[in-house]
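The values are calculated or read from the model by the stated rules, or taken from the named source; none is laboratory data. Just so it is clear, the model here is predicted, and its values are computed rather than measured. Virtual Cβ from ideal backbone geometry, glycine too; neighbours counted across all protein chains shown. Keep in mind that these areas ignore ligands, DNA and RNA; they rest on the heavy atoms of the full protein, side chains included. Shrake-Rupley method; radii C 1.70, N 1.55, O 1.52, S 1.80 Å.
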Amino acid sequence: MALKRQNTYKHLLNFTGNPTRPILQCFHYDSGDVVVTNSHILLKVKNVAPDNIGEFNFNPKTLEINKDTYPDVSRVIPTNFNSTWVLIPENVLVVLKFLKGFPKNGVVKVKINFDGMAISASDITYSLPISHIEGDNRVEFTCNATYLKHILAFVADYTNDLVTFGFVSEIRPMVFKVDGEFTAVLTPVRTK
């Protein structure tokens, strides 16, 4: 699989927020890393810029520096998980094709066990293998299909490495990461 890191800017835009919270329209640079969030998904990419550029917020749409305080995202990124799995990058591309058929902001249910991961909506289900399962072996959560697609599209373009998926509970954010490269966070949709 050929990496397309030149698409990083496009992917970062997918994680930014709407005009009601101008600070969430910004890319937050800090010591060479960049963070973007719309409060439902978050992406932190390591070593995107020189580490001597300092800390600032850049609005890519207006090309302006925003002097407001960026949210402290470190507190919403789980670091301890009840379960972890490894996703194989080739499988990510197949899931992306499946998710493209869903309406914008549609909801999908994700179930994970030793048989693999199953993503479903209505009567349609797609299953894929996962490996290196640690911790609880049965997980179920509901999420926004568009947000999951944004994360997986970034993963497909950015890395050939195995991606760790970390899970705490069906009401806590999930983490997709490659240590030293990136961390992506997906907030579940509450169904009750």
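Taking the listed residues Asp68, Asp51, the one that is of a type in the set (D, E, K, R) and in contact with a Pro (Cβ under 9 Å, 6 or more places away or on another chain) is Asp68, with no other qualifying. Of note, Lys10 does not satisfy the criterion of being among the basic types (Lys, Arg), outside any loop (DSSP other than H, G, I, E, B) and open to solvent by less than 80 Å² (accessible area, probe 1.4 Å).
Among the listed residues His150, His132, identify the single one that is touching a residue at least 24 places away in the same chain (Cβ under 8 Å) and at positive phi. Sole residue among the options that is touching a residue at least 24 places away in the same chain (Cβ under 8 Å) and at positive phi: His132. When we screen Pro103, Pro188, Pro173, Pro129 for residues that are in contact with a Cys (Cβ under 6 Å, 6 or more places away or on another chain) and open to solvent by 10 Å² or more (accessible area, probe 1.4 Å), the only hit is Pro188. Could you look through segment 126-148, keep only residues that are in contact with a Phe, Trp or Tyr (Cβ under 8 Å, 6 or more places away or on another chain) and assigned to a helix (DSSP H, G or I), and pick out the one that is nearest to Trp85 (Cα to Cα)? Result: Ala145.
Being part of a helix (DSSP H, G or I), modelled with pLDDT of 90 or more, of a type in the set (Lys, Arg) and closer than 18 Å to Phe176 by Cβ, is that true of even one residue in segment 96-109? Scanning segment 96-109 turns up no residue that is part of a helix (DSSP H, G or I), modelled with pLDDT of 90 or more, of a type in the set (Lys, Arg) and closer than 18 Å to Phe176 by Cβ.
Between Asp115, Asp161, Asp179, Asp123, the distinction of being closer than 23 Å to Lys44 by Cα, open to solvent by 20 Å² or more (accessible area, probe 1.4 Å), free of Cβ contacts under 8 Å to residues at least 24 places away in the same chain and not aromatic (Phe, Trp, Tyr) belongs to Asp179 only.
Lys44: touching a residue at least 12 places away in the same chain (Cβ under 8 Å), assigned to a strand (DSSP E or B), in contact with a Ser or Thr (Cβ under 6 Å, 6 or more places away or on another chain) and open to solvent by less than 70 Å² (accessible area, probe 1.4 Å), yes or no? Yes: the conditions hold for Lys44. Criterion first (touching a residue at least 24 places away in the same chain (Cβ under 8 Å), small (Gly, Ala, Ser) and either in contact with an Asp or Glu (Cβ under 9 Å, 6 or more places away or on another chain) or closer than 21 Å to Ser74 by Cα (or both)) does Gly106 satisfy it? Considered against the rule, which asks whether it is touching a residue at least 24 places away in the same chain (Cβ under 8 Å), small (Gly, Ala, Ser) and either in contact with an Asp or Glu (Cβ under 9 Å, 6 or more places away or on another chain) or closer than 21 Å to Ser74 by Cα (or both), Gly106 comes out as no. For segment 13-41, filtering for residues that are under 16 Å from the mean Cα position of the chain (by Cα) and either farther than 22 Å from Val76 by Cα or assigned to a helix (DSSP H, G or I) (or both) leaves 3.
Listed conditions (1) under 17 Å from Asp30 (Cα atoms); (2) assigned to a loop (DSSP other than H, G, I, E, B); (3) open to solvent by 80 Å² or more (accessible area, probe 1.4 Å); (4) not polar (S, T, N, Q) are all met by Tyr70, apart from (3).
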